[in-house]
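The values are calculated or read from the model by the stated rules, or taken from the named source; none is laboratory data. Nothing here was measured: the structure is a model prediction, and the numbers come from that model. So basically every Cβ, Gly included, is an ideal-geometry build from the backbone, and we count neighbours across all protein chains shown. Quick note on the areas: whole protein, heavy atoms, side chains included, nothing else; ligands and nucleic acids left out. Shrake-Rupley method; radii C 1.70, N 1.55, O 1.52, S 1.80 Å.
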Amino acid sequence: MLSFYRSYHGNTGAAIVATGDPRRWPNEYADDHVHVFGPYPYRSHFWSTSPEQESERALAHLADVVRFEGPGTIAAILIESVVGTAGVLIPPPGYLEGVRALCDEHGIVLILDEVMAGFGRTGKWFAFEHFDVVPDLITFAKGSNSGYVPVGGVIISEAIAATFADRVFPGGLTYSGHPLAAASIVASITAMREEGIVEHAARIGADVLGPGLHALAERHPVIGEVRGLGVFWALELVSDRQTRAMLAPYGGTSEAMTVLVTEAKRRGLLPFTNFNRLHVVPPCTVSDAEAKEGLAILDEVLTEVDAYYEGAR
Ligand SMILES: Cc1ncc(COP(=O)(O)O)c(C=O)c1O
């Protein structure tokens, strides 16, 4: 299995490794996992200076890793269509298409993780629909039923589903295919269609959140980059725009980030932060007025955080 360093895909793998029965055998791949650097134009691992170059170089890096690991040893490449917790990283032009081509060249399965990005969050039903790519497997959870009951699942291509036409799938969970959970997905999708929720999320991103966050970046020097789609945004906070020095270190936090969280909560806004980033990820149903109210609170909070800016203004 090959995936990104900057990613989050869940934490339940140890359960099958603890399992003793034969279902463990085909599933015991957790210790044979290789990571690559995905594209990240703002903090390029490849010294690139444009999104196009980042895409090309990240693909070359991926192709190198596949070659050196041995294409025949790689079952699947697993990628969040838009990386979520690890940064709201939107693939630059051509990247996902290039990954698909590499998978096709070597017979590698492409799994796109849509647990966070799927079901309207980016302004399309699936985030990969922003690109010219079709995965073999799609993992989903959160948005599929808006969390009314716990649920997650995998959408399987016809070709892979056919594999299990004449052999047993080596898995099975207590609540697999739970009718209540399945019904909650059907009902949520129906309501989302009827109420135009996906289109609404796209419009809020284009008309309110995108412009609103870019306007904040003009006023607050700590905002190094604004990126996102639909109702899925992140602010990359820096102490210096020139050097892009992070306002908190990778894997850690800082006084500035603590101030941000404290000041936001004090004003009734519950923020999600990760290291030096603030994620702005309201529900797909957020109204224009609610989104603007949140932006106004952020404006006040960021005024406090600007005190930690050290670069030229
Ligand atoms: C992109 C992504 N994939 C997978 C997961 C894990 O999902 P679950 O907690 O339903 O196993 C998460 C959880 O936040 C996630 O954000």
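Data for the structure
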| quantity | calculated |
| --- | --- |
| Selection within the range 235-293 - among the polar types (S, T, N, Q), out of contact with any Phe, Trp or Tyr (no Cβ under 7 Å at 6 or more places or on another chain), buried (at least 17 other Cβ atoms within 10 Å of the Cβ) and under 16 Å from Glu225 (Cβ atoms) | Thr273, Asn274, Asn276 |
| From Ser157, Ser176, residue being closer than 30 Å to Gly20 by Cα, surrounded by fewer than 11 Cβ atoms within 10 Å (Cβ to Cβ) and not β-branched (Val, Ile, Thr) | Ser176 |
| When residues of the range 119-154 are limited to those that are in a strand (DSSP E or B) and buried (at least 19 other Cβ atoms within 10 Å of the Cβ), the one farthest from the ligand (Cβ to nearest atom) | Ile138 |
| Inter-residue pairs, beta-carbon under 8 Å, first closer than 15 Å to Phe140 by Cβ and in the range 173-184, second open to solvent by 70 Å² or more (accessible area, probe 1.4 Å), 6+ apart | Ala181/Pro150; Ala181/Tyr175; Ser184/Tyr148 |
| Criterion (aliphatic (A, V, I, L, M), more than 15 Å from the ligand (Cβ to nearest atom) and surrounded by 21 or more Cβ atoms within 10 Å (Cβ to Cβ)) met by exactly one of Val65, Val99, Val88, Val83 | Val99 |
| Neighbours by Cβ (under 8 Å, 6+ apart or cross-chain): first from the range 266-278, assigned to a loop (DSSP other than H, G, I, E, B); second of a type in the set (Asp, Glu) and open to solvent by 40 Å² or more (accessible area, probe 1.4 Å) | Arg267/Glu300 |
| Candidate set from the range 1-47 (those that are of a type in the set (D, E, K, R) and in a loop (DSSP other than H, G, I, E, B)); member that is nearest to the ligand (Cβ to nearest atom) | Arg6 |
